[in-house]
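Written below as structure tokens is the structure these notes are about.
The values are calculated or read from the model by the stated rules, or taken from the named source; none is laboratory data. Computed from a predicted structure; not experimentally measured. For neighbour counting, all protein chains shown are included, and Cβ atoms are generated from backbone atoms with ideal geometry for every residue, glycine included.
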């Protein structure tokens, strides 16, 4: 028996954490403080809490990335299947623990999908043909075997998430850590992850899920809920009803229905002026059609949600609006100007896009430099830059991070930094691609209220939200456009579209408790949403 193994006990928990504290190098505040946790084999545990509460850090301590890859002050013990994690090698720990990472781009290491999923097996000296077969089984289980020959950089966020999960499934670990596994998934993807969690439990695997989408995680059948705040576990519950005191911080089903605010207020200044127009737009990636004859006009002053399953073409539409992509056929007009006649630089002060994945945007040494880059490069006078940066940082609650590296922040903080970098340019049209992915309920509610302030004050004239979050669409948009297989299948007032069962089914949009609440309140009194 090696020094990293524990002996003398008849029963060992799958995971044992004793008096664990950790402070990242260069930080003064501890990320974890005196955490104690015991998880039995086959148990499914949900970690809930706001961004920066310590959920992801705790998972990194369990899988060995802390302290083996992240420097800092470490105290306490972490045991996995009787192995003392800090004294072991990652190659040993990885045979016991598989991790589905929050930042998918960090997990996908090879350009080809099949090669990436087989990568872990090959590292364990599995023969190539066996590794390939194992990877194909994992992709099939995630229902993305058809993507095996694709370049990972061409996949949608949800498709990347499925491929990342397949990479962990291929390794067949007894313990699975899931960091925001549903963050980028559509309704079908969420249902699949929920089913996987149930299967993991029936197979006797131990699962820890760190997830802001609490309602969806609870539906997967968790055994325990642990709430984290400021690096500590502050509440343990087996029944969601026991979490009533955290209703303002966690998105609990009953509480959401109680405080539903669909159509809370609308801006009277919506005009007939068209901000962005799609005229018969087609677009293909390497000959594969993504958009098929899209005709949509977004008027100045609207708040619009763009919904649909992964791969439906939502993010592609956003990139076409910004001029990053040009239509294969048809026209995209921004305030009457064809995007094919303009460079991305010309459109940047008019249309601002916040990408779904923060790592697609972040690059600077400090948050201050990150936020100032956009306005500086579109010609904002130097004397105005400090004010622009401070204003955007304060609104997005990242002013305390201005002199730190953006890469040292939590995922939710990275998202807000990205948003601040766009808002600093004061665009007329703001496009948010999955703004709630990776955000805790309190933070995204606070942020969306700020976006509302920008909208109602007229700083942002037109708002487009690309999202899988039907609740966010109901609460913060007036119009919803649903895409399916590259075509618009519904377009109308948000509450009407999202309470239409036929639209939800065809668009594969998940019905939440808030959607059911609004259907019941509108049943029999509303016209059907327009179907295309």
- For the stretch 270-284, indicate whether the set of residues that are surrounded by fewer than 21 Cβ atoms within 10 Å (Cβ to Cβ), within 24 Å of the chain's Cα centre (by Cα), over 24 Å from residue 157 (Cβ atoms) and modelled with pLDDT under 70 is non-empty. no
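Of the residues in the stretch 177-189, how many are at pLDDT 85 or above and either closer than 30 Å to residue 325 by Cα or in the same structural domain as residue 311 (by TED's automatic domain parsing) (or both)?
2
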- Query: Hey, does the stretch 29-41 have a residue that's in contact with a helix residue (DSSP H, G or I) (Cβ under 8 Å, 6 or more places away or on another chain), at pLDDT below 90 and outside any helix (DSSP H, G or I)?
  - Reply: no
- Task: Enumerate the pairs (first residue in the stretch 369-397 and touching a residue at least 60 places away in the same chain (Cβ under 8 Å); second residue anywhere and surrounded by 21 or more Cβ atoms within 10 Å (Cβ to Cβ)) with beta-carbon separation below 7 Å, excluding pairs fewer than 6 apart on the same chain, so at least 6 apart or on different chains.
- Result: none
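Condition check ((1) within 25 Å of residue 505 (Cβ to Cβ); (2) assigned by TED's automatic domain parsing to the domain that holds residue 467; (3) part of a loop (DSSP other than H, G, I, E, B)) across all residues:
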site	(1), (2), (3)
109	no, no, yes
139	no, no, no
196	yes, no, no
208	no, no, no
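When only residues in the stretch 148-158 that are surrounded by fewer than 24 Cβ atoms within 10 Å (Cβ to Cβ) and touching a helix residue (DSSP H, G or I) at 6+ places or on another chain (Cβ under 8 Å) count, which is nearest to residue 410 (Cα to Cα)?
As a first pass, look at the stretch 148-158 and keep what is surrounded by fewer than 24 Cβ atoms within 10 Å (Cβ to Cβ): 148-156.
Within this subset, residues satisfying the condition of being touching a helix residue (DSSP H, G or I) at 6+ places or on another chain (Cβ under 8 Å) are 148-152, 155-156.
Working: 148: 31, 149: 33, 150: 30, 151: 28, 152: 24, 155: 24, 156: 22 Å.
For the stretch 148-158, the residue satisfying everything is 156.
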- Among 102, 124, 161, 107, which is surrounded by fewer than 16 Cβ atoms within 10 Å (Cβ to Cβ), under 28 Å from residue 39 (Cβ atoms) and touching a residue at least 12 places away in the same chain (Cβ under 8 Å)? 124
